[in-house]
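Asker: Just passing along the structure, written as structure tokens.
What follows is calculated from the coordinates using simple rules that are stated; it is not laboratory data. Predicted, not measured: the structure shown is a model, and the values here were computed from it. Here Cβ is always computed from backbone atoms with ideal geometry, including for glycine, and neighbour counts include all displayed protein chains.
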Amino acid sequence: MVRSRISEGLARGAEAKTSVAEFFSSNSGTSYGNTTSAGFNSGASGQVKSVKCTGGKGCDVLDITMSSSIKALYAGGTFNVVSLSATSSAGGIIVWKCRTGATNGIINKYLPASCR
């Protein structure tokens, strides 16, 4: 039950990743942009409270904060954030890594296998 709700958050993150990648590509790989310039929906929807750019280079880190209902499903306190971190490689390709959030991160056992 918890993992399926987290998967919903990662689907919202996928939308943001696409927007950031398009912005990065159109700016010759020099900037990841921000929520406005990359043009993705950062608001609440379903099980997702927000999607925010939190990286030092703009949207090189996307923090997906799950709604408070996810916390009620397990004894996790305030642990409700999953992060997607971007690194660029030769040729301007962005590689994303999923992980638990640096602050209030979701407990690893609830993350999909690709994030652990």
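Asker: Give me the distance between the Cα centres of region 84-104 and region 1-27, rounded to whole Å.
Answerer: The distance from the Cα centre of region 84-104 to that of region 1-27 comes to 11 Å.
Asker: Test of the criteria: in region 1-31, which GluC sites (Glu not before Pro) are in a DSSP loop and have at most 13 other Cβ atoms within 10 angstrom of their Cβ?
Answerer: Passing sites in region 1-31 do not exist.
Asker: Could I ask something else about it? Lysine pairs in region 13-116 8 or more apart or on different chains: how many have alpha carbons under 20 angstrom apart?
Answerer: Close lysine pairs under the 20 Å cut-off: 10.
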